[in-house]
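Asker: One structure is given below, represented as structure tokens, and several questions about it will come after.
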Amino acid sequence: GKGEYDHYMLKEINTQPTALSNTIEGRIEDGDVAFESLPPGTFADVDSVQFVACGTSYHAAMYGGQLVREAGVRAEVLRASEYESTAGPVDETTLVVAVTQSGETADTLDAVRKAADRGARTLAVTNVVGSTAAREADDAVYIRAGPEVGVAATKTYSSQAVTLALLSQRLAGDVPDAAPVADRAAMLEALEDLPQHVETVLETSTAESLAEETLDSESFFFIGNGRGRSVALEGALKFKEITYEHAEGFAAGELKHGPLALVTEATPVFAVATGGADDKTKTNAIEAQSRGAPIVAIGPDDHPLVDIADAHLSVPDTHPVWTGLLANVQLQLLSYHAADQLDRPIDKPRNLAKSVTVE
Ligand code: F6R
């Protein structure tokens, strides 16, 4: 049940420290990645990776896909519903990774079946043991987030992103010519602290009062670059899904190529700091600010974006690979509290289903 919480979504946001501890449990050994079902060498024949996913899982796949590319492995991240028109050719050296919490999303199953028919190797990254994706793929890795009841995916996003980050390091070790990130030991060490950092965000977040202050706006924009872009897109999806307010996520650098025309004093811009390539986010946030938009920075206290921002949602300073996931928790809380203040049916938003089994 929901226990002490008003909604499953809030419960699931708050159980992320436990979910993440379960996700990483036993998967880091001697400074390296350990996957029960995928021992070292599993991907020695892999040359490139295609991720296929929908919605929130697509955003987690974007986060993971970037880490795979940073490891020197060719990777594309594709919307499952667009697989036919966007996927490059595949063969037995292509690993097609279906990222799907439920393991039952029709678009994702269809994409991965097409890839398998064409000879690709397949891997399911899912929350549900025995799901269709897990049964049909050549291999499966479980994200171990525990059951998610709220229609809006929260803890499964975090656990998916972390699982994919670990997968990126297995690929880095296995794929010829790939290389683990230079500071892998530090990155994995910081991962072990991630549940505690999420706990800090949950305990200190000022998202509720910020939601109240900004709620009377026309539109809500979310911007970020690099890993921050996927967090911005996810922030906007969650916000529109449960508040029914107009929200959009953009790559920060794209703002000036059109969306800036929408920016006024009535459109707060939430700018995600990731500790990575954030310069563009800062410059474009300043552009929006000079058109009157209030800027909210989400990131560590000493981040340059915070200096220029009108408001700040703070996250602990950690390895830059994980900062975006902490920012995402702040954005989950922002969406939740905004929807709660609007009295929306948070766990069952109109027109949406937990598992989308039609194409
Ligand atoms: C958004 C949300 C959806 C799902 C999408 C894929 O909060 O939950 O966008 O992420 O329908 O679902 P799965 O991961 O089950 O394939």
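The values are calculated or read from the model by the stated rules, or taken from the named source; none is laboratory data. Because the structure is a prediction, the values reported are computed rather than measured. Glycine gets a Cβ as well: all are built from the backbone with ideal geometry, and neighbour counts include every protein chain shown. Note: areas computed on protein heavy atoms with side chains; ligands, DNA, RNA excluded. Shrake-Rupley method; radii C 1.70, N 1.55, O 1.52, S 1.80 Å.
Asker: In degrees, nearest 10, range 0 to 90: what is the angle between the Cα axis of helix 55-70 and the longest Cα principal axis of the chain?
Answerer: Rounded to the nearest ten degrees, it is 70.
Asker: Once you order the gyration tensor axes a ≥ b ≥ c over the Cα atoms, which shape class does the range 184-248 get: rounded for a/c under 1.5, otherwise prolate or oblate by comparing a/b with b/c?
Answerer: Taking the square roots of the gyration eigenvalues as a ≥ b ≥ c, the range 184-248 is oblate.
Asker: Please report the antiparallel percentage of the DSSP beta bridges confined to the chain, to the nearest 5.
Answerer: 5 percent
Asker: Give me the net charge of Pro300's neighbourhood, meaning all other residues with Cβ under 11 Å from the Cβ of Pro300; Lys, Arg count +1, Asp, Glu -1.
Answerer: Result for the neighbourhood of Pro300: -4.
Asker: Mind checking the per residue accessible area of the range 181-307 for me, 1.4 Å probe, whole number of Å²?
Answerer: Values: 5230 Å² over 127 residues.
So the range 181-307 comes to 41 Å² accessible per residue, rounded to a whole number.
Asker: Continuing with the same structure: Ignoring everything except DSSP H segments at least 4 long, calculate the 222 nm mean residue ellipticity for the chain; use -39,500 (n - 2.57) per segment, divide by total residues, nearest 500.
Answerer: Details: 13 runs with 158 residues, N = 359.
Theoretical 222 nm ellipticity from helices: -13500 deg cm²/dmol.
Asker: What number comes out for accessible area per residue over the range 1-137 if the probe is 1.4 Å? Units Å², please.
Answerer: Here the per-residue accessible area is 40 Å².
Asker: Take the Cβ-Cβ distance between Asp138 and Asp193 as r, set R0 to 41 Å, and report the resulting FRET efficiency rounded to the nearest 0.05.
Answerer: Numbers: r = 33 Å, r/R0 = 0.81.
Here the calculated transfer efficiency is 0.80.
Asker: Loop only by DSSP, 14 or fewer other Cβ within 10 Å of the Cβ. Give me the GluC sites (Glu not before Pro) in the range 237-317 that pass, ordered by residue number. Before the final figure, lay out each step's value.
Answerer: Values: sites: Glu241, Glu245, Glu248, Glu254, Glu265, Glu287; in loops: Glu245, Glu265.
The qualifying sites are Glu265.
Asker: Pulled fully out, how much extra length does the chain show between Arg113 and Glu359, if you take 0.36 nm times their separation in residues and subtract their Cα-Cα distance?
Answerer: Full extension from Arg113 to Glu359 adds 87.2 nm.
Asker: Aspartates and glutamates within cross-link reach of Lys348: Cα-Cα under 15 Å, excluding same-chain residues under 8 positions apart?
Answerer: Candidates past the 8-residue exclusion: Asp6, Glu12, Glu148, Glu241, Asp340.
Asker: Continuing with this model, one more query. Out of the total accessible area of the chain (probe 1.4 Å, heavy atoms of protein only), what percent is carbon and sulfur?
Answerer: 47 percent
Asker: Evaluated at 37 °C with a viscosity of 0.692 mPa s, what Stokes-Einstein diffusion coefficient in µm²/s does the range 65-164 have when Rh comes from the Kirkwood expression over alpha-carbon pairs?
Answerer: The Stokes-Einstein estimate is 237 µm²/s.
Asker: Here's another thing I want to ask about it. So what is the diffusion coefficient of the range 113-152 in µm² per second by Stokes-Einstein at 37 °C and 0.692 mPa s, using a Kirkwood Rh over Cα pairs?
Answerer: 294 µm²/s
Asker: Shifting gears a bit: Given 25 °C and 0.890 mPa s, how large is the Stokes-Einstein diffusion coefficient of the chain in µm²/s, with Rh as the Kirkwood radius over Cα pairs?
Answerer: Numbers: Rh = 20.3 Å.
Once the numbers are plugged in, D ends up at 121 µm²/s.
Asker: So, R0 is 56 Å and r is the distance between the beta-carbons of Glu82 and Asp301; what FRET efficiency does that work out to, to 0.05?
Answerer: Efficiency at R0 = 56 Å is approximately 0.90.
Asker: Also: Can you give the local net charge around Phe43? Use residues other than it whose beta-carbon is closer than 12 angstrom to its beta-carbon, Lys and Arg +1, Asp and Glu -1.
Answerer: Values: positive: Arg121, Arg170; negative: Asp45, Asp47, Asp138, Asp139, Asp174.
Summing Lys and Arg as +1 and Asp and Glu as -1 gives -3.
Asker: In addition: Once the whole set of protein chains is in place, how much accessible area is left on Lys240, using a 1.4 Å probe, in Å² to the nearest 10?
Answerer: The accessible area of Lys240 comes to roughly 80 Å².
Asker: Which lysines does Lys256 reach when only Cα atoms under 30 Å apart count, and residues fewer than 8 places away in its own chain are ignored?
Answerer: Lys238, Lys240, Lys280, Lys282
Asker: To continue, here is another question. Compute the long axis of helix 279-290 from its Cα atoms, compare it with the longest principal axis of the Cα atoms of the chain, and write down the angle in degrees, 0 to 90, nearest 10.
Answerer: Its long axis makes an angle of about 30 degrees.
Asker: Right, here's the next one. Hey, what angle do you get for helix 320-341 against the long axis of the chain, alpha-carbon based, 0 to 90 degrees rounded to 10?
Answerer: Rounded to the nearest ten degrees, it is 50.
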